[in-house]
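First the structure, in the form of structure tokens, and then the observations on it.
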Amino acid sequence: MTDLVEPERYRQAWRSRRERVLVLISFIVVFCVLVEVWPDPIVLTVCFAACMRAAYRYAAFRCPRCNEEFMDARKILATWPRSDCAHCGLPANTLPQD
Ligand SMILES: [Zn+2]
């Protein structure tokens, strides 16, 4: 039973991480387009806030193995993009070993 649950839990976690990246990139692209086509300060502020929220959600992603933050928030700019957990070293998109 555990063998069936753990891989699925990891898959869901990695899928969530990919979705967070996609949302963040989408908001950044929308923000850049809006700067050119609709430079209204209120619209840009709302879009910028959405970008910051998406960046926070991406940075707050938790490792499926150790449940710590996947990226070290104190070194996020130096280590981004991160391909392994800052705490346990689990490579991204891997499933639990047998
Ligand atoms: Zn970890």
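The values are calculated or read from the model by the stated rules, or taken from the named source; none is laboratory data. Just so we're clear, the structure is a prediction, and the values are computed from it rather than from any experiment. Cβ coordinates were reconstructed from backbone atoms using ideal geometry, including for glycine residues, and neighbour counts include every protein chain displayed.
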* Asked: Would you pick out the residues in segment 53-83 that are surrounded by fewer than 16 Cβ atoms within 10 Å (Cβ to Cβ) and of a type in the set (G, A, S)?
  -> A60, A73, A78, S83
* Asked: So is A55 out of contact with any strand residue (DSSP E or B) (no Cβ under 7 Å at 6 or more places or on another chain) and modelled with pLDDT under 95 or not?
  -> yes
* Asked: Just wondering, is there one or more residues in segment 78-88 that are touching a helix residue (DSSP H, G or I) at 6+ places or on another chain (Cβ under 8 Å) and β-branched (V, I, T)?
  -> no
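Given the criteria more than 18 Å from R11 (Cα to Cα), touching a residue at least 24 places away in the same chain (Cβ under 8 Å) and surrounded by 13 or more Cβ atoms within 10 Å (Cβ to Cβ), does A50 qualify?
On the way: more than 18 Å from R11 (Cα to Cα): yes; touching a residue at least 24 places away in the same chain (Cβ under 8 Å): no; surrounded by 13 or more Cβ atoms within 10 Å (Cβ to Cβ): yes.
So A50 does not fit the description; no.
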